[in-house]
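Every number here is computed from the coordinates shown, using simple stated rules; none is lab data. Not measured: the values here are computed from a predicted model. Cβ atoms come from the backbone with ideal geometry, glycine included; neighbour counts cover every protein chain shown.
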Amino acid sequence: MKGIALILGITGGVGNATARALANHGWQLRALHRNPEQAKLTLKGHWPTIDWQQGDATHSDAVSQAAVGCNLIVHGVNPPGYRNWRGLALPMLTASIAAAKTSGATLLFPGNVYNFGPDAWPDVTETSAQNPVSRKGKIRVEMEQMLKDAAKHGCQSIILRAGDFFGPNAGSSWFENVLVKPGRRVRSVTYPGQHQAGHAWAYLPDLAETFARLAERRRELDAFASFNLGGHYLAPGVGMAEAIRDAAGEPAATIRGFPWWSLRLIGPFNETFRELAEMRYLWENTLRLNNHKLAAFLGEEPHTPIRQALTMTLTNLGCIQELKPRATPA
């Protein structure tokens with residue numbers, strides 16, 4: 001066994017996928033959740049043995065107690081529905097850092113592209129300037145600075161930056177909340193971006209496998225390490241909608257635009273819609289994550305072909321219906 005990995009957010013997209021990848025690499029799993037019994041019911045598919053710990057990820061004492069004896073901490077928690085980022089995201093990371101310091105565990109942290117503004121587009125590297133143009137972007141920059149500061153005191157963290165998530169059990173994402181309708185055949189695809197602007201996507205099993213491989217080689221890395229996942233970059237961005245039609249076997253499905261105006265109308269009364277509207281700039285501009293550093297370190301980036309990745313995702317969402325065998329004529 002490689003050691004013990006504490007998963008924070010095991011019912012979420014990143015936590016779920018990373019837990020599976022680490023288990024496949026021989027890690028023992030431990031999970032913190034406010035309601036372990038309820039969490040067990042939400043996990044789909046076959047799982048290895050999980051050591052469940054009851055507690056709140058915003059409470060440092062609970063996280064530190066769960067992290068005793070752990071070698072890894074996967075920070076897969078995020079404020080639900082884009083709500084109260086400053087009130088929840090910062091305390092959760094503070095708790096994870098405190099636990100990593102006391103246990104000596106390496107902290108795995110999923111980064112995103114909110115950190116960057118126009119001066120970093122279109123080709124973003126690990127050293128690109130971080131001058132965000134959104135509230136959430138500024139908070140993400142602050143969070144990564146917390147990790148850099150912790151590294152000065154011997155707390156190792158690995159950031160793996162990725163684009164928009166998709167994949168089985170991805171949880172809340174643009175893919176399943178906007179592009180397609182879970183449980184329905186793909187009669188249409190709603191694409192929220194400018195068709196010609198390139199867009200970065202991350203297939204969660206690929207991201208999770210990358211995390212697992214980086215964790216195995218963590219002793220070769222500095223106390224603060226950052227990598228970009230190239231993932232599935234599509235230019236023009238509307239290529240994702242076209243690839244969805246192809247994978248779903250629905251070439252005649254229409255591609256529709258997204259009613260951003262509705263978010264502006266509802267935003268003043270709904271925090272989630274207001275925060276979603278703030279992300280529009282990421283759909284109107286080209287942003288590609290340069291993965292040269294990751295590929296050089298690992299030798300290659302784990303990468304599932306787009307059609308295979310979309311078929312798995314759409315099947316999991318119930319958007320691809322199995323064909324029933326035709327009756328044999330008499």
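Here are some notes:
- Per-residue ³J(HN,Hα) for the stretch 176-189, Karplus 6.51 cos²θ - 1.76 cosθ + 1.60, θ = phi - 60°, Hz, x for Gly and Pro: 8, 8, 10, 5, 10, 10, x, x, 10, 5, 7, 7, 8, 10
- Extension gain, Gln145 back to Glu37 (0.36 nm per residue minus Cα-Cα distance, nm): 35.4 nm
- Take 116-125, 301-310, 13-22 and order them by the average number of nearby Cβ atoms within 10 Å per residue, most first; the result is 13-22, 301-310, 116-125.
- Rounded to the nearest 20 debye, dipole of the chain from Cβ charges on Lys, Arg, Asp, Glu: 600
- The 3J(HN,Hα) values that the Karplus relation (6.51, -1.76, 1.60; θ = phi - 60°) gives for the stretch 157-162 are, in residue order, 9, 10, 9, 10, 8, 9 Hz. Gly and Pro appear as x.
- The stretch 147-190: trypsin sites (Lys or Arg not before Pro) falling in loop per DSSP and having at most 14 other Cβ within 10 Å: Lys152, Arg184, Arg187
- For the stretch 262-306, a/c is not less than 1.5, where a ≥ b ≥ c are the root eigenvalues of the C-alpha gyration tensor, and a/b tops b/c. That puts it in the prolate class.
- Ile73 long-range amide H proximity, modeled H, under 5 Å: Leu6, Thr106, Leu107, Leu108
- The listed peptides 57-70, 246-259, ordered by packing as a protection proxy, come out as 57-70, 246-259 (highest mean of other Cβ atoms within 10 Å first).
- For the stretch 278-310 versus the stretch 47-81, the spacing of their alpha-carbon centroids is 28 Å.
- Since only Leu298, Phe211, Pro259 are under comparison, the one whose Cα sits farthest along the positive direction of the charge dipole of the chain, derived from C-beta charges on Lys, Arg, Asp and Glu, is Pro259.
- Separation of the Thr125 and His292 label points, Cα + 7 Å toward Cβ, nm: 0.5
- Percent of Cα-Cα distances greater than 22 Å, calculated over the stretch 173-323: 50
- Within the listed set Pro80, Pro268, Pro168, the Gaussian network model of the chain (springs between alpha-carbon atoms below 10 Å) gives the highest mean-square fluctuation for Pro268.
- Ala223-His153 pseudo-label distance in nm [points 7 Å out on the Cα-to-Cβ vector]: 1.0
- For the stretch 1-15 and the stretch 146-213, distance of Cα centres in Å: 17
- In Å, descending, principal axis extents of the Cα set of the chain: 67, 56, 45
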